[in-house]
Amino acid sequence: MTILIVGPNYAPEKVGIAAYTTATAERLAAAGHAVQMLAGRPHYRGWAIMEGHNALTYAREAEHGVDVTRVPHYIPKTPSGTRRMLHHASFAVASLFPVLGSALFWRPDVVIAVAPSLIAAPAVRIAAGLCGARTWLHIQDFEVEAAFATGLLDDKATMARFARWLERRVLAGFDTVSSISPQMCRRLADKGVAPERIAELRNWADLDLVRPLETPSAYRAEWDIGTPHVALYSGNIANKQGIEIVLEAAHRLKDRGDLTFVICGEGSHRTTLEAQAAGLGNVRFLDLQPRDRLGELLGLATVHLLPQRGSMANLVLPSKLTNMLASGRPVVATASPGTELAQEVESCGIVTPPGDGRAFAEAIETLLDDPVLHARHSAAARARAVARWSADDILDRLEAALLEGVEDGSAWRPTE
């Protein structure tokens, strides 16, 4: 089977969508399939071109069995709504000829588009039509609705009308449309995607790399953390996370001498948060760590912190949750009852209302001060990761679905 994957985020970006797209491409290549990846230049999460890459040129090389082509595109230093649209539009324009060239000369059996970016998906659909390839659109988050929810786009602006029109057209044009959770798949149905074209393709936990630590994390000594407990946030630091609630909890718990808050990551909102945390001696900001040390990093936590704005409910299921659970540590999350995040964290931690800093702080204290409850949630977290978020199981089902679609030539069906 020959497979073309198109999406702006790919290794050496370490986290988020890039990590899952990279692992998918490499897994399919290792299984003996010919895989081409058309990606943007690495820039996430700092919104700056990574060292060794050029934002103005094309490049092509083999990486871990995958034929990777990188295209030039605009990278905004401050990713506002309009600038994000320009960022994605520039990727779509720059990828047009490589996508068409691959369709005409390489003739893939399957073409997969990863969203974000939706604006690049029409070119993928056209290319597939040229070579008769099956088409699969994978929605990592509903970028249009997320842009409205976080204020990046004005719901009444001309750009908003265009974004909604584009989303409708794109969703209608693919053989299969997948997303990462049951509620997000139901959201696809609400947007008019026929049930037989909807597939669930979860993000996964790296169960081998991330395991419950039996000894203290090496980061304790490296970062000189002397408190018995660590409340850890690790991941993107952007406005859709609502990380300000972590600082509010740190302020409320500043008199606890046994607790350090660690915020480990990068993103457009970090400078603002660091300014807000000035004077809080129990808060540490640290840079994103190498992926091969993810187990050590997540094992540093006594509790994991997973804030999310209420407006983002069911638009994004945070991918970081999977490895939090795999680490065998309980999670304190902000989510409304009945949302996907609340359901996934249930019995593996404590869920508090979005924006309620007092409840968030009290949940952290409850887990720190009740070792029996902490142990019960810790065991449940690891068990849930093994049961629901195994990379081997999820990627095996994806490969089987791709092969079935190519072999029988009919519209693909959801994975079980």
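Quick note: the coordinates plus some simple rules give every number you see, no bench work behind them. The structure presented is a predicted model; accordingly, all values stated were derived computationally and were not measured. All Cβ positions, even for glycine, are placed from backbone atoms using ideal geometry, and neighbour counts span all protein chains on display.
A few points about this structure:
- On full extension, the segment bounded by Q343 and A194 gains 51.1 nm, given 0.36 nm per residue less the C-alpha separation.
- Cα-based values for the chain, radius of gyration first and Dmax second, are 21.2, 66 Å.
- Here the simple spin-label model places points 7 Å from the Cα toward Cβ, and for R186 and A31 these points are separated by 2.9 nm.
- Take the Cβ atoms of T215 and R293, set R0 to 22 Å, and the FRET efficiency comes out at 0.90.
- Per-residue extension of 0.36 nm, minus the Cα-Cα distance of A275 and D255, leaves a gain of 5.2 nm for this segment.
- Helical contribution to [θ] at 222 nm, DSSP H n ≥ 4, -39,500 (n - 2.57), averaged over the chain, rounded to 500: -12000 deg cm²/dmol
- Only lysine pairs 8 or more places apart, or on different chains, with alpha-carbon atoms under 21 angstrom apart are counted in the chain, and they number 7.
- Local electrostatic count at R329 - Lys and Arg +1, Asp and Glu -1, tallied over other residues with Cβ under 14 Å: +3
- Environment charge at E346 (Cβ cut-off 14 Å; Lys +1, Arg +1, Asp -1, Glu -1): +1
- Low-density loop positions, GluC sites (Glu not before Pro), segment 187-282 - DSSP coil, at most 16 other Cβ in 10 Å: E214
- Segment 307-407 - convex hull of alpha carbons, volume per residue in Å³: 95
- Cα extents for segment 219-388 along the principal axes, largest to smallest and rounded to whole angstrom: 39, 33, 32.
- Full-stretch length increase - R164, R83 - with 0.36 nm per residue and alpha-carbon distance subtracted: 27.4 nm
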